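In what follows, a single structure is set out as structure tokens and then discussed.
The values are calculated or read from the model by the stated rules, or taken from the named source; none is laboratory data. Keep in mind it's a predicted model, so treat the numbers as computed, not measured. When we count neighbours, we look across all protein chains shown, and the Cβ atoms used for this are built from the backbone with ideal geometry, even at glycine. For accessibility, only protein heavy atoms count, side chains too; no ligands or nucleic acids. Shrake-Rupley method; radii C 1.70, N 1.55, O 1.52, S 1.80 Å.
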Amino acid sequence: MNTDAINNLVEEADALDPNSRLLRMFEIEPLIAAAADSPEKHRAFARVYAALGRYQTALTHFQTTSNRKDSQDRADFAYLKNLAEHYGDDKQPTERPLPVTAELKAALPQFKYCPDPLASGIFRTQEKAVSCDCCGRDTQVFYTHPFYSCGDIDALCPECIASGRAAEAFEGAFVIRHHVSQAISKAQQDELCLRTPSYSSWQEAQWADHCGDYCAFVGYADWEDLERQGIAEGIEWLDFQPEPEDRPYIRNGGSMVGCLFRCLHCGQHVLHVDLD
């Protein structure tokens, strides 16, 4: 396998939704392993193992080829080094995910403020079922965090979130109420904070609002993707607005993560920048 083929494999995987991306990383790992040794192979391995939660292994591969004079390489090295020091290769064992199909999506309950929790990477899937900490049933689609409560949870099924059973049973919330607009009705606040799965963030999650209602979470966003889709030019910023020269560093999995929202009423996109 030549250099271009290796790069194409990883680029194509990175363009997929989070669950499909993880599944593809499992599939391309042995293909990259069979390729001749090269700097591009080590860079590809670094991206694959980072996606699989094997941060120390990813860092080891990246160190063999990184250019300390390159600002992006320095940022990527610092990011992987931080994860490797905190989690090593054991952040949580990564099981092989399920393919995301129309049938799988159709079986999920509806979430007003998170309309596609599989595509946005909020729900995880895996072939090996886990037990829901709320109802005790086995599920292959589940949620792990964030969940602010007096007790620890490992996994919650979509049904227990949508019904409000999980928030009630654990006296918890998925979004901290005082971090969202208080100008919106309590009923809508309850829908968001108690019955909507939230995104994982470096800081505590912020939730955009627009046209008198909370927005829908679209997913984690790379600035280059937003430019390619024609969204970047008209975007509104939730709070922090990076300087134009820094915006290319907004990317999923980096130190400056874009969290994209869309207004349910007018369609305006709003971007929250989450900093480590």
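Taking a probe of 1.4 Å, how large is the accessible area per residue of region 1-123, in Å²? Kindly include the intermediate steps, with their values, before the conclusion.
Values: 6410 Å² over 123 residues.
Heavy-atom SASA per residue in region 1-123 reads 52 Å².
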- [ ] Work out the FRET efficiency for LYS128 and GLU29 from their Cβ-Cβ distance, taking R0 = 22 Å, and round it to the nearest 0.05.
- [x] 0.75
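With loop defined by DSSP as not H, G, I, E or B, and exposure as at most 15 other Cβ atoms within 10 Å, which is the longest segment of the chain clear of exposed trypsin sites (Lys or Arg not before Pro)?
Working: sites that count: ARG68, LYS69, LYS91, LYS112, ARG137.
By the stated rule (loop sites, at most 15 other Cβ atoms within 10 Å), 138-276.
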Open item on the list: Just to verify a number: FRET efficiency for ASP152 and GLN63, C-beta to C-beta distance, R0 = 41 Å, to 0.05?
Closed with: 0.75
Task: the chain, relative contact order [Cα under 8 Å, separation at least 6], % - done: 13
Open item on the list: Cut-off 18 Å, label point 7 angstrom out along Cα-to-Cβ of HIS265: give me the residues of region 159-201 whose amide nitrogen falls inside.
Closed with: 180-192
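Hey, got a sec? Which chymotrypsin sites (Phe, Trp or Tyr not before Pro) in region 181-276 land in a DSSP loop and have at most 15 other Cβ atoms within 10 Å?
On the way: sites: TYR199, TRP202, TRP207, TYR214, PHE217, TYR220, TRP223, TRP237, PHE240, TYR249, PHE261; in loops: TYR199, TRP202, TRP207, PHE240.
Counting only loop positions with at most 15 other Cβ atoms within 10 Å, the chymotrypsin sites (Phe, Trp or Tyr not before Pro) in region 181-276 are TRP202, PHE240.
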Task: GLU204/GLU11 FRET efficiency (R0 30 Å; Cβ-Cβ; nearest 0.05) - done: 0.40
